[in-house]
There are 2 protein chains.
Amino acid sequence: MQSRSGLICLNGALRRYLCSLPTSEPNAPLMRTEVPGPESKKLKEGMETIHQATSVKFFVDYEKSFGNYLVDADGNNLLTCAVSRPALGGYPRTDFVQLLKNSLGEVAPKGLEHAQAMLCGTSANENAIKTAFIHYQTRKRGGKPPSQEDMDSCMKNEIPGTPNLSVLGFNGSFHGRSLGMLSITRSKAIHKVDIPAFKWPVANFPRYLYPLAENKKYNDEQDKNCLEDVGKLIDAGKQKGNEVAAVIVEPIQCEGGDHHASPTFFRGLQKICQEKGVYFIVDEVQTGGGICGTFWAHEQWELPTPPDFVTFSKKLLTGGYYYKNSLRVNEPYRIYNTWMGEPTKLVLLEKIVQIVKRDQLVNKAKNIGNSLLVELNKLEKRYPNMLKNSRGIGTLCSFDMPNPTIRDKFVDTAINLGLHIGGCGNSTIRFRPALIFEEKHLETTVNLLETAFEKMKPFDIQFSDDF
Amino acid sequence: MQSRSGLICLNGALRRYLCSLPTSEPNAPLMRTEVPGPESKKLKEGMETIHQATSVKFFVDYEKSFGNYLVDADGNNLLTCAVSRPALGGYPRTDFVQLLKNSLGEVAPKGLEHAQAMLCGTSANENAIKTAFIHYQTRKRGGKPPSQEDMDSCMKNEIPGTPNLSVLGFNGSFHGRSLGMLSITRSKAIHKVDIPAFKWPVANFPRYLYPLAENKKYNDEQDKNCLEDVGKLIDAGKQKGNEVAAVIVEPIQCEGGDHHASPTFFRGLQKICQEKGVYFIVDEVQTGGGICGTFWAHEQWELPTPPDFVTFSKKLLTGGYYYKNSLRVNEPYRIYNTWMGEPTKLVLLEKIVQIVKRDQLVNKAKNIGNSLLVELNKLEKRYPNMLKNSRGIGTLCSFDMPNPTIRDKFVDTAINLGLHIGGCGNSTIRFRPALIFEEKHLETTVNLLETAFEKMKPFDIQFSDDF
């Protein structure tokens, strides 16, 4: 607690902690147990219940370590000639398992208690897909490990060790900006142009007419056609010897323009994947974390069984993915890297999750999101030339404007009134408020939107007939 | 400063800082300037001198921001409906430019004052390569932006917008574990097997005999053959319509087994790249940061001009790459992501760089590395059946053991004596001590290595004839 005089009174625990920190190196290693010792082994066992730990060598107490010496979980003080830099994949913190449980473990989607931490959304998707490839090939081998021929040929990027497998994505999707993820991403040409890509198949994603209630027949047809498209592409891949190992899909195509699809569509998609033996990856990098009014958007689909993978980043601070227990990778160094997520992000996430639960922020996002959508529909009636297709799940709301130029001008007008909104897709305005967005913020937002629309009035704005 | 009684006396600056933090939201936005205002524009201009800023919208003072409101660099207090999560690529911190200058700017390789921050080594390599592809295609278009045909075809992953370009790597290399980087990585089969890959060309990397002084002719031949290999593969790519846009190479193939190559080899490699119009990317993820006795390993090659790209991560804490000014990407959102590095890592790096310079740690690494290599050569004479090929630059030293089983047993023996060393490649022991590794640590290390070799003596160990 801070006083006016500038003195801070430490509580006992913090004082004891500060006094416990080492201030010098030992003169020589000090060994108490074998390495890894019983404590490291116990932690590794615990880690396996939430996060694969096959590549972990031992756990390190970085607070007790000093200089060139590492103190492991068993109190062994080792002279290290091996760790001149972060190596969290091999040597996690002693509190890493507890951190994982208190953060990612607390918000795991139903049926997916295993998480894999990564640094960002792109590496989350990359590694979920790698895991899908590994399991697809393992299944083809009847569960056996790769043969010597596999091991030899993969070093030359040749079959059978380097298989001709693909991932099916959707037009309008965004899954990241690495070479691999750009091969699936179909959001905007400027993201993709000039970059080589895997020749992987792409299916159509529903494009709905709004309001939904008045366009049920058209929209149902969209679902049906897109699902047929998926089935045909998977079959075609099999015939061409370029099998589809996984389908990856966003609950809402955010970057591509906030394109929604119905729970029926997603249930149908999972069903096709299951029938055809293809892994079903849900990319919740944008939708996860509560903004949709449930912690994960896919909770609203009422799937009969969980997706095979759910990937995340952004609002979760750390990247990563959840996966079914059956999709563990048992060999070390196949799913691995220097960082394996970032413990400092888990510390922050632990606190965030506590507050989200304490203040019931996910439920609040659902309610305030409903109100936001009601207001957008009202604005649509008042300014029919300027906005249409208001849509949203939770506070993840959006509407379309007549063209990119007008949309960009609107964003600019709003921000200069003090309202920070963003664009996505071609001519869409998207709302991505924080979970602490309340009634009073909504009121200010609507007032400022109105003012912005009024300011746009002098311009000749209308939707073209074929919009 | 902390006293025994548990009281901490804050200095004036820290007290003023704590008192300046906001404790509530404003009732409504408060606008002082247009957005982006003059201060954001000035920061963006400053950022352009060290880091591309084309996708930056405005700079945010996150310390002054509270709740749903963002305070920008000009003191505008904006209600945000757009930033519910990290978005550092579009809205960097107001001190980001200074942080970049104080950290990455302080250790930029000669001739490469532009840096691009990323989260990890894989994304560093991915984005350096993307930049190479973009410039390769732009050059082919005579400097023009992509055509409409390019933009349309890339959305279908088809030529000409999605070009058939490749990156040439080397046998034994390691550049990361994404699908793209695994296509170049040729370290170990277990990293690659079951994962689809781009069919990109791979050249041989020198495999030297040691000691170097006694094997000059053989090793020079290695350099020559490998360089010829590179030239032929680039020419073959051109003929097959699968042009090589970039060559990526590690100064030492670390993960692959600490394979070294001579400055002559690297100068020759750069020359071939220049002659053939191929970008030259040096992957210093493992070698950068001072361990080689110079801050960057490539400084020791005496190149006539800088490499086109130098990538880094690990000891630099943040990932990223340096690049030539001529290799900027001027369009926004081509080289971009949510994070664009991690400012907290730059804060740590700033301090680390200060200490590395203050304590002349790079020079110390050079000297202690020389001593380590002398000691390894002595051990080689004492235990000729157990180790050979001692080699090293700075403290990045290693030796080979007869086979993987013996190597693994040796690592295990050493660690249970309190010496933490690691393996790489097939049967190599690698040293990666910290920059604060001193004479006394070396002494302990050598004693423990000796004890470990003695403990291995009862086993029948020797090199096979064809090792």
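The values are calculated or read from the model by the stated rules, or taken from the named source; none is laboratory data. Bear in mind that the values here come from a model prediction, so they are computed numbers and not experimental data. Every residue, glycine among them, receives a Cβ derived from its backbone with ideal geometry; neighbour counts consider all protein chains shown.
When A:Tyr136 is evaluated against the numbered criteria (1) within 9 Å of chain B (Cβ to nearest Cβ); (2) in contact with a strand residue (DSSP E or B) (Cβ under 9 Å, 6 or more places away or on another chain); (3) under 30 Å from B:Arg334 (Cα atoms), which criterion, by number, is the only one it fails?
The single condition A:Tyr136 does not satisfy is (3).
Given the options B:Arg391, B:Arg407, name the one that is more than 13 Å from chain A (Cβ to nearest Cβ), assigned to a strand (DSSP E or B) and either in contact (Cβ under 8 Å) with a residue 12 or more places away in the chain or touching a Lys or Arg at 6+ places or on another chain (Cβ under 8 Å) (or both).
B:Arg391
Among the residues of segment A:74-120, count how many are over 30 Å from the mean Cα position of the chain (by Cα) and crowded, with 24+ Cβ neighbours inside 10 Å.
7
What are the residues in segment A:423-455 that are closer than 12 Å to A:Met386 by Cβ and either surrounded by 18 or more Cβ atoms within 10 Å (Cβ to Cβ) or within 9 Å of chain B (Cβ to nearest Cβ) (or both), if any?
Passing the criteria: A:Ser427, A:Ile429, A:Leu449, A:Ala452, A:Phe453.
Test A:Gly169 against the criterion of being surrounded by 24 or more Cβ atoms within 10 Å (Cβ to Cβ), out of contact with any strand residue (DSSP E or B) (no Cβ under 6 Å at 6 or more places or on another chain) and in contact (Cβ under 8 Å) with a residue 24 or more places away in the chain, and give yes or no.
When the stated conditions are applied, A:Gly169 does not pass them.
Here's a check for you: in segment A:339-351, which residue that is within 11 Å of another protein chain (Cβ to nearest Cβ) and surrounded by fewer than 21 Cβ atoms within 10 Å (Cβ to Cβ) is modelled with the highest pLDDT?
Looking at the filtered set, the residue picked out is A:Leu348.
On the basis of being within 30 Å of A:Val329 (Cα to Cα), touching a Gly at 6+ places or on another chain (Cβ under 6 Å) and either within 7 Å of another protein chain (Cβ to nearest Cβ) or acidic (Asp, Glu) (or both), does A:Asp61 make the cut?
No, not satisfied.
Exactly one of these conditions fails for A:Asn77: (1) in contact with a Pro (Cβ under 8 Å, 6 or more places away or on another chain); (2) facing chain B (nearest Cβ under 9 Å); (3) closer than 26 Å to B:Glu255 by Cβ; (4) not hydrophobic (A, V, I, L, M, F, W, C). Give me its number.
(3)
Testing B:Arg432 on (1) in the same structural domain as B:Pro211 (by the TED database); (2) part of a loop (DSSP other than H, G, I, E, B); (3) charged (D, E, K, R), one condition comes back false. Which one is that?
Of (1) in the same structural domain as B:Pro211 (by the TED database); (2) part of a loop (DSSP other than H, G, I, E, B); (3) charged (D, E, K, R), only one is false for B:Arg432: (1).
Which of the residues spanning segment B:176-199 are among the β-branched types (Val, Ile, Thr) and either crowded, with 24+ Cβ neighbours inside 10 Å or more than 7 Å from every other protein chain (Cβ to nearest Cβ) (or both)?
B:Ile184, B:Thr185, B:Val193, B:Ile195
Output yes when any residue across segment A:391-403 is over 22 Å from A:Gln253 (Cβ atoms) and either out of contact with any Leu (no Cβ under 8 Å at 6 or more places or on another chain) or not β-branched (Val, Ile, Thr) (or both), and no when none is.
There is no residue in segment A:391-403 that is over 22 Å from A:Gln253 (Cβ atoms) and either out of contact with any Leu (no Cβ under 8 Å at 6 or more places or on another chain) or not β-branched (Val, Ile, Thr) (or both).
Can you tell me which condition A:Ala82 does not meet? The list is (1) more than 9 Å from every other protein chain (Cβ to nearest Cβ); (2) touching a strand residue (DSSP E or B) at 6+ places or on another chain (Cβ under 8 Å), and all the others hold.
(1)
I'd like to check something: does segment A:13-34 contain any residue that is out of contact with any Pro (no Cβ under 9 Å at 6 or more places or on another chain), within 30 Å of B:Glu439 (Cα to Cα) and in a strand (DSSP E or B)?
Yes, there is a match, as at least one residue in segment A:13-34 is out of contact with any Pro (no Cβ under 9 Å at 6 or more places or on another chain), within 30 Å of B:Glu439 (Cα to Cα) and in a strand (DSSP E or B).
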